[in-house]
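**Student:** Quick one: structure below, then a few questions.
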Amino acid sequence: MSVLERLPHGIRRIFRLPETPARLMHELDDEIQFHLETRIDALRASGLSEHDARVAALARFGDADDVRRHYRGMSEPRLWWRGAAEWWAEWMQDVRFALRQFARAPGFTTITVVTLALGIGANTALFSVVHHLILASPPFPDGNRIVSLTATSGGGRIHIEATQHMAEAWRQGSHIVDQIAFAQEGELLLGDSASGSSEDIGAMALEPQIFSIAPVHPIIGRNIVGADTLAGAPPVIVLGYDLWVREFGRDSTIVGRLMRLSNRSYTIVGVMPPGYSVPFAGDMSDVFTALETSHDNRPIVAIGKLRRGTQQDQANRELATLLPPHSVVNAGDEPPRVMTAADITSKGTRTIVLVLFATVCCVLLIACANVANLALARSWSRQREFAIRAALGAGRRRLSRQVFTESMLLALAGGVAGIAVALVVLRIVAAAQPAGLGYLDGVHIESPAIAWTLGISILAAVVSGVAPALFAADARFGETLKAGSRTASGSVGGRRFRSTLIVVEVSLSVVLLVAAGLLIRTLTAFEHLDIGMQSHGLVGVQLQMPPEKKPDPVRRRASMDAMLSAVRAIPGVQGATYAAALPPKFGLAFGRFEIEGRQFAPGDTLSALGFDAVTPDFFALAGISVVRGRVFAADAPDDSSQSEIVINEKLAHRYWPDGNAIGARLRQNAGPWSTVVGIVGDVRLPALDQAGRDVQMYIPNNYHSSTMQLLVRSTLPLAALDKALLATIHNASGSVIVRGDPQSAEAIVSRSMANQRFVLTLLGAFAVLALVLASIGLHGVVAYSAGQRTREIGVRIALGAQSGDVVKLVLAQGLSLVAIGVVVGAAVAAASSRGLGSLLYHVRPGDPMTIAVAALLLFAVAVIASYGPARRAAALDPIDALRAD
């Protein structure tokens, strides 16, 4: 100490010498000691012992370190870096202490981290799905500005690809969207169709301007350029990455070679990088070609980029003036819209994803409640430790911060482990998705998902750590030190809070179990559903007619009839015919629907109907019953002015109360009138993608289409039938191409339930996980409560209580919590299950029977979870129980 520092305070004041920080802190310590000694003397005079008086004085004074920090901050210059350094040093001290605590309690640490990892990992995985399908923009510069032109119908439920005329009008008239370009999806035939070794590959014909909207540079060669689209230009293709790897083994010298597709030679000019696809154009394509100029009104993909500073709503208002409803044939009954990537995601897919995301959020909340319960129990078991630290000068804030630091470290560890869990969950979810849909292909953990994981880890720390931190700072430390560790049971409020957490867990479990139960009942209803036709043994094969400059309908019909006779002669084939679609699938016909002599009320007309072009023997082959009238005449004239039509019962009853529509004349899109000659039963296939297909019409198959379905009813296995059909069709007509593999009607019916099975599989798994977590939490609360009531239970046994009475006493506590949770959960489930409405069939949201079954299941789990602690309590020796205190 320097000479100046040793000078008395009065001398320093006379000469106005500044007080040094060290001297001021020394004086502060003396002042604190004086106050403590004075208080201790007063408490000793009141009858307390030296130890109790000192403990009470320290508790009354509070955190001496806080006083010293506050005084130091007043006496020294306020330097932010000094305060930050002090905070960092104290926090690191808390971290080191927390790590030592975790090492002393490996069981608690492991259970907590695993519980949080399951909740956070499942949540992260489903957030990645939500981000991929709903939130993310196309992965290109300014991807959030890329939009597509789409016609809509059915209140926006049905998206209709734009036509060439619509797209041209949009490009010529739009001032809000620029860089508009077109593409067209299609298929090309790779291989030899005659030998049956061919396959259809996805082809995307596009304009070069697309690469300005969605920039990409081939890994080899070049893109499609403007010269490739000129008349007479040699045909060129750019290979997709996957096809390049599969067919050419990553050969880097591929550029310039010829490749024959669909009987035409193309020059390979480049190879696209992995994963490239044109926005709004479906899955990744195998090849990219130049879009040829055409004046046909064909379906087309039209994409553009919003001008900077403009909004999607502005572009839609502009479209309403450029392309009002019905201005273009088949444009639907609503104004066309520009749609973002998120808008393209179907309502059914969006429902599935959001339902599953809500499910994992419930699981995360249950996991946090479980961890909070564990942390509360551990905090109360450490109350003697906290009391001693408080007696040594630690304040409430320091103790709370210590417990919260522990919660934060556990949550962050759970978040890191949750990333690994999320990768596993994503693989499981992708593997469980319905076959052929593929909307989860390409989902992976991206930087937004990592940020989400960090955010929910912090949230988990807050949710699971705040309550333990608050209860750890309980001020009644004197009583804790006087009492034994067995009786330091925490406050009544703390016990009630733990019980509240169990009620929350049970409530959320009820919600998940009810949702799973509703889906189980839906699938059960599907299994017993009469779809209105005989799907067993019915198979469809898509045929591609040979290209003809001027088709001769008579010659084509004769050729097709000859092929049909050959197919019917195959052993095991019971019948065969032609149609446009394999039932229960239907095509969609768009446009204004009219009934001759009838004016529709506003909103009563139809803009989309399910349709199929069939032959007269189609209905008998498919097993569709004729309710009234007849089917088409076998020798019906091929004359549009005398055409006939068959409709289903639902369409008939919609506009004719008695269902008798025979003789009525209908038309669509101002086409020729058709006379209703028959009414057939409904083909019902409840599914998410059936919008507009529940009302059905059948028109005569005139053999004019370039593609057609060959329908075969057979007892042969699918593989054997496929082989026989390929040989028979090739022998009967070598120019007809078989596209793809045969498809069975039963597979279509099964796929219609795929979404429900998918959701049930995942939701059921998460519901089971939630049930396990809730039962573990309930077991912990009941066991802890029974342990805290050891003295009470011992007294009851000493007074003559039987073991059965003790078991009932402990079980009653657990069951009462479950009863409250079931009541709350049933109310929440009745309201929230409405979100499942589009996934349900023949069962209402909030179905009482489903809720009752879920409640009984939870009560059974509660009995199992509570029985162990109840039996242990009943086996207590009353003398040991009374001696414990």
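**Student:** Which of the following residues is under 21 Å from residue 376 (Cβ atoms) and of a type in the set (S, T, N, Q): 803, 816?
**Tutor:** Details: 803 fails: under 21 Å from residue 376 (Cβ atoms).
On inspection, the qualifying residue turns out to be 816.
**Student:** Same structure again: Please find, among 831, 862, 826, the residue that is in contact (Cβ under 8 Å) with a residue 12 or more places away in the chain and loosely packed, with under 14 Cβ neighbours inside 10 Å.
**Tutor:** Numbers: 862 fails: loosely packed, with under 14 Cβ neighbours inside 10 Å; 826 fails: loosely packed, with under 14 Cβ neighbours inside 10 Å.
Residue meeting the stated conditions: 831.
**Student:** Could you list all residues from the stretch 563-579 that are in a helix (DSSP H, G or I) and open to solvent by 60 Å² or more (accessible area, probe 1.4 Å)? It would help to see each step written out before you state the result.
**Tutor:** We begin by selecting, within the stretch 563-579, every residue in a helix (DSSP H, G or I); these are 563-568.
The answer is 565, 568.
**Student:** Given the residues 306, 258, which is the only one that is among the aliphatic types (A, V, I, L, M) and surrounded by 20 or more Cβ atoms within 10 Å (Cβ to Cβ)? Before the answer, list the steps.
**Tutor:** Working: 258 fails: surrounded by 20 or more Cβ atoms within 10 Å (Cβ to Cβ).
Going through 306, 258 in turn, just one is among the aliphatic types (A, V, I, L, M) and surrounded by 20 or more Cβ atoms within 10 Å (Cβ to Cβ): 306.
**Student:** Would you confirm whether any residue within the stretch 800-807 is aliphatic (A, V, I, L, M), part of a helix (DSSP H, G or I), closer than 30 Å to residue 861 by Cβ and open to solvent by less than 30 Å² (accessible area, probe 1.4 Å)?
**Tutor:** Looking for residues that are aliphatic (A, V, I, L, M), part of a helix (DSSP H, G or I), closer than 30 Å to residue 861 by Cβ and open to solvent by less than 30 Å² (accessible area, probe 1.4 Å), one finds at least one in the stretch 800-807, hence yes.
**Student:** Checking residue 572 against (1) on the phi > 0 side of the Ramachandran plot; (2) at pLDDT below 90, which test does it fail?
**Tutor:** Residue 572 satisfies all of (1) on the phi > 0 side of the Ramachandran plot; (2) at pLDDT below 90 except (2).
**Student:** Confirm whether residue 289 is over 30 Å from residue 199 (Cα atoms) and either touching a strand residue (DSSP E or B) at 6+ places or on another chain (Cβ under 8 Å) or at pLDDT 85 or above (or both).
**Tutor:** Working: over 30 Å from residue 199 (Cα atoms): no; either touching a strand residue (DSSP E or B) at 6+ places or on another chain (Cβ under 8 Å) or at pLDDT 85 or above (or both): yes.
For residue 289, the condition - over 30 Å from residue 199 (Cα atoms) and either touching a strand residue (DSSP E or B) at 6+ places or on another chain (Cβ under 8 Å) or at pLDDT 85 or above (or both) - is not met.
**Student:** Shifting gears a bit: Based on this model, can you work out whether residue 123 counts as open to solvent by less than 10 Å² (accessible area, probe 1.4 Å) and of a type in the set (S, T, N, Q)? If you could, list the steps in order and put the result at the bottom.
**Tutor:** Details: open to solvent by less than 10 Å² (accessible area, probe 1.4 Å): yes; of a type in the set (S, T, N, Q): yes.
Yes, satisfied.
Quick grid of which residues meet (1) polar (S, T, N, Q); (2) out of contact with any helix residue (DSSP H, G or I) (no Cβ under 8 Å at 6 or more places or on another chain):
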| position | (1), (2) |
| --- | --- |
| 495 | no, no |
| 498 | no, no |
| 509 | yes, no |
| 517 | no, no |
| 527 | no, yes |
| 562 | no, no |
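Residue-by-condition table, conditions (1) among the aliphatic types (A, V, I, L, M); (2) open to solvent by 30 Å² or more (accessible area, probe 1.4 Å); (3) under 30 Å from residue 125 (Cα atoms):
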site: 701; (1), (2), (3): no, no, no
site: 707; (1), (2), (3): no, yes, no
site: 729; (1), (2), (3): yes, no, no
site: 736; (1), (2), (3): yes, no, no
site: 743; (1), (2), (3): no, yes, no
site: 760; (1), (2), (3): yes, yes, yes
site: 767; (1), (2), (3): yes, no, yes
site: 778; (1), (2), (3): yes, no, yes
site: 796; (1), (2), (3): no, yes, no
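**Student:** Here is a list: 346, 381. Which entry is at pLDDT below 85, hydroxyl-bearing (Ser, Thr, Tyr) and within 21 Å of residue 780 (Cα to Cα)? Walk me through how you get there before you give the answer.
**Tutor:** On the way: 346 fails: within 21 Å of residue 780 (Cα to Cα).
The conditions single out 381.
**Student:** On the basis of being at pLDDT 80 or above, open to solvent by 50 Å² or more (accessible area, probe 1.4 Å) and over 22 Å from residue 355 (Cα atoms), does residue 817 make the cut? Explain how you work it out, then say what you get.
**Tutor:** Numbers: at pLDDT 80 or above: yes; open to solvent by 50 Å² or more (accessible area, probe 1.4 Å): no; over 22 Å from residue 355 (Cα atoms): yes.
Here the answer is no, as residue 817 does not meet what is asked.
**Student:** Still on this structure: Give 597, 572, 663 a once-over and let me know the one that is more than 29 Å from residue 163 (Cβ to Cβ), in contact with a strand residue (DSSP E or B) (Cβ under 6 Å, 6 or more places away or on another chain) and small (Gly, Ala, Ser).
**Tutor:** Criteria check complete, one pass: 572.
**Student:** Is there a residue being modelled with pLDDT of 85 or more, more than 29 Å from residue 761 (Cα to Cα), outside any helix (DSSP H, G or I) and open to solvent by less than 60 Å² (accessible area, probe 1.4 Å) anywhere in the stretch 523-532?
**Tutor:** The first filter runs over the stretch 523-532 and keeps only residues modelled with pLDDT of 85 or more, leaving 531-532.
Imposing the further condition that a residue be more than 29 Å from residue 761 (Cα to Cα) reduces the set to none.
Scanning the stretch 523-532, I find no residue that is modelled with pLDDT of 85 or more, more than 29 Å from residue 761 (Cα to Cα), outside any helix (DSSP H, G or I) and open to solvent by less than 60 Å² (accessible area, probe 1.4 Å), so the answer is no.
**Student:** Out of 117, 103, which single residue is more than 28 Å from residue 273 (Cα to Cα) and without any contact (Cβ under 8 Å) to a residue 12 or more places away in the chain? Lay out the reasoning, then the answer.
**Tutor:** Working: 117 fails: without any contact (Cβ under 8 Å) to a residue 12 or more places away in the chain.
None of the other options fit; the residue is 103.
**Student:** Return the residues of the stretch 171-217 that are at pLDDT 85 or above, β-branched (Val, Ile, Thr) and not in a loop (DSSP other than H, G, I, E, B); say none if nothing qualifies.
**Tutor:** Selection gives 177, 180, 210, 213.
**Student:** What number of residues within the stretch 834-848 are of a type outside the set (D, E, K, R), surrounded by fewer than 16 Cβ atoms within 10 Å (Cβ to Cβ) and at pLDDT 85 or above?
**Tutor:** So the answer is 1.
**Student:** Next up: Within the stretch 222-276, track down each residue that is assigned to a helix (DSSP H, G or I) and of a type in the set (Phe, Trp, Tyr).
**Tutor:** If we filter the stretch 222-276 for residues that are assigned to a helix (DSSP H, G or I), which is where we start, we get 226-229, 241-248.
Passing the criteria: 241, 244, 248.
**Student:** Something else about it: Which condition number in (1) in a strand (DSSP E or B); (2) open to solvent by less than 20 Å² (accessible area, probe 1.4 Å) is the one that residue 594 fails?
**Tutor:** (2)
Let's see how each residue does on (1) open to solvent by 40 Å² or more (accessible area, probe 1.4 Å); (2) hydrophobic (A, V, I, L, M, F, W, C); (3) modelled with pLDDT of 90 or more:
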| site | (1), (2), (3) |
| --- | --- |
| 621 | no, yes, yes |
| 625 | yes, no, yes |
| 628 | yes, no, yes |
| 633 | no, yes, no |
| 640 | yes, no, no |
| 644 | no, no, no |
| 648 | no, no, yes |
| 656 | no, yes, no |
| 662 | yes, yes, yes |
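**Student:** Considering only the stretch 566-597, how many residues are farther than 16 Å from residue 708 by Cα and out of contact with any helix residue (DSSP H, G or I) (no Cβ under 7 Å at 6 or more places or on another chain)?
**Tutor:** First, the residues of the stretch 566-597 that are farther than 16 Å from residue 708 by Cα: 566, 568-575, 589-597.
Imposing the further condition that a residue be out of contact with any helix residue (DSSP H, G or I) (no Cβ under 7 Å at 6 or more places or on another chain) reduces the set to 568-569, 571-572, 574, 589-594, 596-597.
Going through the stretch 566-597 one residue at a time, the tally reaches 13.
**Student:** Return the residues of the stretch 221-250 that are open to solvent by 20 Å² or more (accessible area, probe 1.4 Å), closer than 16 Å to residue 286 by Cβ and in contact with a helix residue (DSSP H, G or I) (Cβ under 9 Å, 6 or more places away or on another chain); say none if nothing qualifies.
**Tutor:** 235, 250 - these are the residues of the stretch 221-250 that are open to solvent by 20 Å² or more (accessible area, probe 1.4 Å), closer than 16 Å to residue 286 by Cβ and in contact with a helix residue (DSSP H, G or I) (Cβ under 9 Å, 6 or more places away or on another chain).
**Student:** Conditions first: (1) under 30 Å from residue 120 (Cβ atoms); (2) assigned to a helix (DSSP H, G or I). Residue 845 passes all but one, so which condition is the exception?
**Tutor:** Going through (1) under 30 Å from residue 120 (Cβ atoms); (2) assigned to a helix (DSSP H, G or I) one by one, residue 845 breaks only (2).
**Student:** Looking for something out of contact with any Ser or Thr (no Cβ under 6 Å at 6 or more places or on another chain), open to solvent by 40 Å² or more (accessible area, probe 1.4 Å), closer than 25 Å to residue 833 by Cα and touching a residue at least 12 places away in the same chain (Cβ under 8 Å) - is there at least one such residue anywhere in the stretch 667-684?
**Tutor:** yes
The values are calculated or read from the model by the stated rules, or taken from the named source; none is laboratory data. Given the structure is predicted, the values throughout are model-derived calculations rather than measurements. Ideal geometry is used to build each Cβ from the backbone, glycine not excepted, and the neighbour counts take in all protein chains shown. The protein model used for the area step is the full one, side chains on, heavy atoms only, and it has no ligands, DNA or RNA in it. Shrake-Rupley method; radii C 1.70, N 1.55, O 1.52, S 1.80 Å.
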